Structure formats: structure tokens, C-alpha cells
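The values are calculated or read from the model by the stated rules, or taken from the named source; none is laboratory data. Treat the numbers as computed from the prediction; the structure is a model and nothing was measured. Note that we place each Cβ from the backbone using ideal geometry, even for glycine, and neighbour counts take in every protein chain shown.
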Amino acid sequence: LGLQPSDVTFAENKIYINVESLSYSPGKTFELDIDFADDSLPSILPSANFVGAEIEMATVSPSRNYPPLETSIATVDNNVEFIRATTDSDPTDGFYDGGYTVEISENSIVYTAAPVPPQISSNPRFTSREFNGYVFTDISDTLPAIENVTIDWSETTFRLSTSDVTFTENSIAINFEGLSYRGGDTVKLDVTFASQEDAYEENDNLLGAYDLSNNANTWLSDLSGEGIARDEDWYKLTVSSNNQRLIVDLEFTHTDGNLNLSLYDENANFILGSSSLTDNEQIDTVLAESGTYYLKVDPVGIPNEPNTYDLRWNV
């Protein structure tokens, strides 16, 4: 059609094509290529499994207080993350370095002892120390807190005791001190991570809104715990008479991520919102009609971590 670049303009949700004074005949066409902005909110929730996390494996002896003898780092991808053959650098000192393979999957760690050649030892054993084993640490800081670690006895042949496995929020330690073993002996650890969902999920949209109608003047923290703003959170409330004054309070820590508060009617029409740079938002308005209303708590941008908040409404 002989369009010029200046004949096409656009706004966020409109495209304008100026065909003023252009001659044309049937069959003439034009084509516009359109790029949309990515308005999706990236996930702010740490992955609830090991996959994708960067894990450090440290060899530690003779005590947990000593610096690691050796460290290795791997990114978990459901394959063998760490592997080492049995070696003996000095056959005269009575010590050798035992080999292993370590496979980390979504929620487990499997350690398998490598074979020990008979010329190195006919009775492989971990030297007796206060601690002689390995420590696995999440150094990428992408995992939620470790909540529990248990030994899967159905797939464990090492003669461990439950006290030989300890953990913190971001690390797991296995103490093999004094244990004899054979090549192929295994220990499997099942790992449980802390939940990153609040008690009101799945309330990610209006249809799934959590009903607070019977909980007026009650903070979430006094109901089933604070909310966690990893995505939009919707709440439903019912007002029984006309011309009621509605007050909604939202409290959070702004430095952990900004949150906005919005009010909608039963047809999902926006009524009023609150957006500031403080640690709280408030809606204070008179509702002309009784009926069902909805509150939306909306994270802005990408918080430093999943932000917790408290919410209360009253009429």
C-alpha cells in the first residue's frame, strides 16, 4: 500500500494506521509485526527441591569445627553430581581416600561407596574420629529451609544410626566415623523442605478467593497465620447492609517487597486501591450496597524474598 513507518503508531493497547491519501486496489495488503512486553511476574518462590540448586560437598574430619579437607561444587540436574575413585597417595601411612558417587534428585541424596582395591585395604573402614564424613550445603541460596531429613532404610546398607545424620536450614551432614563398608554400600536421605505456601492458597484469582466473610476484625495472623505474597492473593468478604463503612488494613515489611491493596465488587469491577512506599496500605470507604466484595493483595515487581503480610477488614 505504500505505507511509511510514520504512518503506524501505537500505544500500550492500541495500534493506529494512517492510510490518508493512499491509493489502493483490491488485493493490496500490509503486515505488521508486533512485539508484546513480558508483563509476567517472575517466580519469587525458592524451588522446593534440589534441582537447579548449587550444592557444595565438603569432606570434613576430624571434627565439624575443622575446615573442610576438600570441597566440590555441582549444580543438581538429577544425575551423578559428585564422583571420586578410591586412591592411596601414601601406602605406608595406613590411610587412604575412599571414593564415592553422589546422586542428588529432587528430594533425596544417595551416597554410594566406591570399591576399594584389596591392595589398598581388605577391610575398608572410615577412621574413627569425632566427625568423619561429608557436609552438603546449598550455596546458591535458592532453596527453602530444610525442615526434615530421614534415612530411607529400604535403600540404605551402611550401618548408620539416625544420630549420624544432622541438618540445619541449608546443610546436611553425614558422619561415617568408624563404620566399615564394602564397595556399593549406600545411604539414601529423604529431604523435606519447609512449605512456602500460606494457609489461604490456592487464592491466586477472584474465583479462588479465600472467604473472610465470617472473620471480620480478625488479623490473618490470628486466623491461620500470615499471608505470603508470592503472587496475587484474593480474599472474599460479604457486607450485609447498605452504606457500610469498610476499613481494610494491610501490614508488611516494605524492604522485603512492596505490596498493593485493591477492592473489587462481585463483578470484578475495580472500586478502590491503596499503593504507597510504606509498610502498610489501607482502604477506607463507604460501600453503597450490601453484597460480596473482593480484596486483592498484589506484589509489585520482584521482592527480595517471598514477603509475609497481615490483613484485617471490618465494617
Just wondering, is there one or more residues in region 188-207 that are closer than 30 Å to S122 by Cβ and not aliphatic (A, V, I, L, M)? yes
Which numbered condition S140 misses (of (1) without any contact (Cβ under 8 Å) to a residue 60 or more places away in the chain; (2) touching a Ser or Thr at 6+ places or on another chain (Cβ under 9 Å)): (1)
Residue that is modelled with the lowest pLDDT, among those in region 82-101 that are in contact with a Lys or Arg (Cβ under 9 Å, 6 or more places away or on another chain) and of a type outside the set (G, A, S): D97
Is it the case that region 133-149 has a residue that's surrounded by 17 or more Cβ atoms within 10 Å (Cβ to Cβ) and farther than 23 Å from F50 by Cα? no
